[in-house]
Structures are given as structure tokens and as C-alpha cells.
1. With a ≥ b ≥ c taken as the square roots of the eigenvalues of the C-alpha gyration tensor of the stretch 121-163, please select rounded if a/c is under 1.5 and otherwise prolate if a/b is larger than b/c or oblate if it is not?
2. Roughly how many nanometres apart are two label points built 7 Å out from the Cα toward the Cβ at MET26 and VAL96?
3. Within the stretch 77-174, what whole-number % of the accessible surface is contributed by carbon and sulfur, with the 1.4 Å probe and all protein chains included in the calculation?
4. Compute the length gained on full extension between ALA65 and THR10: take 0.36 nm times their separation in residues and subtract their Cα-Cα distance, giving the result in nm to one decimal.
5. Could you point to the residue in THR155, GLY73, GLY94 farthest towards the positive end of the stretch 10-155's charge dipole, with +1 and -1 charges on the Cβ of Lys/Arg and Asp/Glu respectively?
6. What number, in percent, do you get for the relative contact order of the stretch 20-159 if the mean sequence gap of Cα pairs under 8 Å and at least 6 apart is divided by its residue count?
7. Would you mind pulling out the separation of the Cα centroids of the stretch 53-82 and the stretch 101-174, in Å?
8. For the stretch 1-45, just say rounded, prolate or oblate: build the C-alpha gyration tensor, square-root its eigenvalues into a ≥ b ≥ c, call rounded for a/c under 1.5, and beyond that prolate if a/b exceeds b/c, oblate if not.
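The values are calculated or read from the model by the stated rules, or taken from the named source; none is laboratory data. Keep in mind that what you see is a predicted model, and the values were worked out from it rather than measured. With ideal geometry, Cβ positions are generated from the backbone for all residues, glycine too; neighbour counts draw on all protein chains shown. Just the protein is used for accessible areas: all its heavy atoms, side chains included, with ligands, DNA and RNA removed. Shrake-Rupley method; radii C 1.70, N 1.55, O 1.52, S 1.80 Å.
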Amino acid sequence: GNTKITGTVTVTGDLTGANGIFSGTMDVTGSTQITGTADITGDTSITGSIAHTKDTESTSKTTGAIVTAGGIGVGKNIHVGGTADVTGNTKITGTVTVTGDLTGVNGIFSGTMDVTGNTQITGTADITGDVAITGAIAHTKDTESTTSTTGAIVTAGGVGIAKNMQVGGAATFA
């Protein structure tokens, strides 16, 4: 039959059984070991650290050692020891620091982008605004110019030169 206890129950040994239903607050002092599935239907509040030792690799948003159908809010730093594979847009509010290579197919940057160190562009750089260069330009392409539309540097507009000009070959002025 049923047993009803209205006071405090203290168990100093093991408490075993097939099923248990507890209503109200259940305080457990000491370690708790669950050797099966813990099905928690309400919110869970944990004030200490969580050490999760299962090491299942994640290959999609529905696999891995920890899987959630909802979002994740993180109030502090996050460190990823493997690859972070993000499907969808990524919004970063703040500074992005990349210590390795930044690779991709396309990129759109708005605002100012400061690059420290050498920058190598393989392919065509399509620049639609003005370019301000404060250092010397060393251009190594050596295509010969035979008309105003051929050569290593071709411009559709005029050229303003504030200082001397040295020409190593023939100069034609039309």
C-alpha cells in the first residue's frame, strides 16, 4: 500500500526503489549519481560549474555531447578546441581578432578596415572608391606600352604629378 510521511525523513544509507515521485523541494547533501536518463521537465538552475565528460564529436546541429533545440546565451568567454562550424549568419558586435589565416569565398566589409602587416591579393582587386597610399608604390609588372590603352599601368583619366618624372624608355606625348 501507500505510506505517507508528513515529517522529515533522514536516510543515512542507500535509498533504493523502482520509481519515486517527489513534490516540493528535495535537498540532497553530498554527491548524487544518476545511472540512467535524467528527464527534467522544468527549468534547471545550477550554481556551480558543470563538468561534462562525454566526448561525442559534433557533425551537425543535432549531434554531439551537448545538443539543444533552443538558443544558448553565454555571459562570459567561450573557447572552442576544434572547428566552429556556423550555418547561417554570424553577427559580431565588437572587435574581431584573427591570429591565423582568414579564408573564404566572398567578403563584404563596411566601414574602416585596418590591416597591419603585409597584405597579399591573388587575383583582381576591384576598388570602387578613391585609394590613398602614403608609402611608395613598387609595381613589378613589365608590360610594354605601345598605345595609351596598353602597358603595366593604364588609366582612363589624367595623371597629376607634383614632382619630377623619370622615364627609362621612350616617352610619347600626343
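1. Working: a/c = 1.40, a/b = 1.12, b/c = 1.24.
It is rounded, given that a/c, with a ≥ b ≥ c, falls under 1.5.
2. 4.7
3. On the way: 5200 of 10430 Å².
Carbon plus sulfur share of accessible area: 50 percent.
4. On the way: separation 55, 0.36 × 55 = 19.80 nm, distance 3.56 nm.
So the extension gain works out to 16.2 nm.
5. Result: GLY73.
6. Details: 26 pairs, mean separation 7.7, N = 140.
The normalised contact order for the stretch 20-159 reaches 5 percent.
7. Spelled out, the Cα-based centre of one part sits 46 Å from the other.
8. Working: a/c = 1.43, a/b = 1.33, b/c = 1.08.
Since a/c stays below 1.5, the shape of the stretch 1-45 is classed as rounded.
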